[in-house]
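Remarks on the structure that follows.
The values are calculated or read from the model by the stated rules, or taken from the named source; none is laboratory data. What you are looking at is a predicted structure, and each value in this text was computed from that prediction instead of being measured. For neighbour counting, all protein chains shown are included, and Cβ atoms are generated from backbone atoms with ideal geometry for every residue, glycine included. The protein model used for the area step is the full one, side chains on, heavy atoms only, and it has no ligands, DNA or RNA in it. Shrake-Rupley method; radii C 1.70, N 1.55, O 1.52, S 1.80 Å.
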Amino acid sequence: QVQLVESGGGSVQAGGSLRLSCAASTRTFSNYAMGWFRQAPGKEREFVAYKRWTTYYADSVKGRFIISRDNAKNTVYLQMDTLKPEDTAVYYCAARSDYSGTMYSPTSYDYWGQGTQVTVSS
């Protein structure tokens with residue numbers, strides 16, 4: 001069982017930045033691919049970014065968000081710059097060790113954090 005704990009959410013004005021962190025409770029963190037998803041009110045959970053050996057981003061955040069990981073600290077980060085009001089959502093980190101499913105689907109992930117709220121005002 002892997003526990004994931006997000007932090008770093010908050011409220012910011014459009015154009016601002018936030019850095020999310022997700023700490024994992026496992027000694028085998030490097031074996032997991034990590035993803036970030038977000039869910040806005042009334043909408044489905046959507047893919048934001050993914051990192052194992054390579055990185056992938058949703059088109060909506062490409063060029064503004066950066067996913068990184070520190071395997072020594074069992075932590076994955078999401079640096080979010082040039083934030084827009086449409087980025088407002090609860091952000092979740094997720095981990096998976098089975099690579100048979102698509103990285104873009106929430107159902108492909110085994111473990112989830114509790115989520116952290118990001119609010120961007122115009």
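Of a type outside the set (D, E, K, R), open to solvent by 20 Å² or more (accessible area, probe 1.4 Å), under 20 Å from ALA40 (Cβ atoms) and modelled with pLDDT of 95 or more: is that true of THR107 in this structure?
It is false that THR107 is of a type outside the set (D, E, K, R), open to solvent by 20 Å² or more (accessible area, probe 1.4 Å), under 20 Å from ALA40 (Cβ atoms) and modelled with pLDDT of 95 or more.
Of all the numbered requirements in (1) out of contact with any Ser or Thr (no Cβ under 6 Å at 6 or more places or on another chain); (2) among the acidic types (Asp, Glu); (3) open to solvent by 40 Å² or more (accessible area, probe 1.4 Å); (4) touching a residue at least 40 places away in the same chain (Cβ under 8 Å), ASP98 misses one, and that requirement is (4). Selection of the stretch 1-14 for residues being part of a loop (DSSP other than H, G, I, E, B), out of contact with any Lys or Arg (no Cβ under 8 Å at 6 or more places or on another chain) and over 12 Å from TYR92 (Cα atoms) yields GLN1, VAL2, GLN3. Number of residues in the stretch 46-85 that are surrounded by fewer than 18 Cβ atoms within 10 Å (Cβ to Cβ), at pLDDT 95 or above and closer than 24 Å to THR107 by Cβ: the value is 7. Taking the listed residues SER25, SER11, SER21, the one that is open to solvent by 60 Å² or more (accessible area, probe 1.4 Å), of a type outside the set (Val, Ile, Thr), at pLDDT 95 or above and within 21 Å of THR75 (Cα to Cα) is SER25, with no other qualifying. Remark: pairs (first residue in the stretch 32-44, open to solvent by 30 Å² or more (accessible area, probe 1.4 Å); second residue assigned to a strand (DSSP E or B); Cβ separation under 6 Å; 6+ apart in sequence or on different chains) = TYR32/ALA95; GLN39/ALA89; GLN39/VAL90.
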